[in-house]
Amino acid sequence: MDLYMVILRILHIGAGILWVGFAVFMLYFGSPAARSMQDRGLRYTHALLNVTPFGNVMSAMALVTVIAGFLLYIRVSGTFNATWLGSPGGIVLTIGAVAGVLAAGHGFASTRRALYDQKAIVDAVVAQNSPPTPEQGAQLQAAGQRMGRNSQIGVILMIIAVLGMSMARYV
């Protein structure tokens, strides 16, 4: 048994499940539900981002997934062996790996920033303890659209990564 590989696979797959699972859940279920709840949805979003470590956990899971994945990739590829990299499995795994790194990079560069822009507006609305002003409503809508667009891009990249990694061994 190769304990190094076992530990890395547990870290990579476990963190990846949480990262991708949370992202898909929030994009397709959590955010639409919060939007439909109007003022209560703002309070839910406020609690999610202020009471729980949601943003930090998502970032940590992305980081663990990518670092463990990179270490696995080095081992599986024979330290970037050209013959392996050119094989069908090597190509498919590389596509998945690149998509995963792009998803993490996009998450840190765009999605996280959009999330915290949205958080600032939500926090201000909740603090005033009244419905959003028309200006705040417009800001919330714009921030929500930016967050949704960035989340869609991230989830598409994550799905490509999952498909590449799950299929590489069998092509």
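Checked against (1) modelled with pLDDT of 95 or more; (2) touching a helix residue (DSSP H, G or I) at 6+ places or on another chain (Cβ under 7 Å); (3) assigned to a helix (DSSP H, G or I), residue 140 meets all criteria but (1). Residue 17: farther than 24 Å from residue 163 by Cβ and either of a type in the set (Val, Ile, Thr) or not in a helix (DSSP H, G or I) (or both), yes or no? Judged against the criteria, residue 17 is not a match. The residues of the stretch 98-127 that are closer than 21 Å to residue 51 by Cα and among the polar types (S, T, N, Q), listed by number, are 111, 118. Contact map, the stretch 138-155: residues that are under 20 Å from residue 46 (Cα atoms) and in contact (Cβ under 8 Å) with a residue 40 or more places away in the chain paired with residues that are in a helix (DSSP H, G or I) and among the aromatic types (Phe, Trp, Tyr), Cβ distance under 6 Å, separation 6+ or inter-chain. No pairs are found. The residues listed here are 70, 25; of these, the one that is closer than 30 Å to residue 128 by Cα, surrounded by fewer than 18 Cβ atoms within 10 Å (Cβ to Cβ) and at pLDDT 95 or above is 25. Tell me whether the stretch 25-37 contains one or more residues that are at positive phi, out of contact with any strand residue (DSSP E or B) (no Cβ under 7 Å at 6 or more places or on another chain) and not small (Gly, Ala, Ser). The answer is no; no qualifying residue exists. Among the conditions (1) in contact with an Asp or Glu (Cβ under 8 Å, 6 or more places away or on another chain); (2) modelled with pLDDT of 90 or more, residue 131 misses just one, which is (2).
The values are calculated or read from the model by the stated rules, or taken from the named source; none is laboratory data. Note that the structure is a prediction, hence the values are computed from the model and not measured. Here the Cβ is made from the backbone with ideal geometry for all residues, glycine too, and neighbour counts use every protein chain on show.
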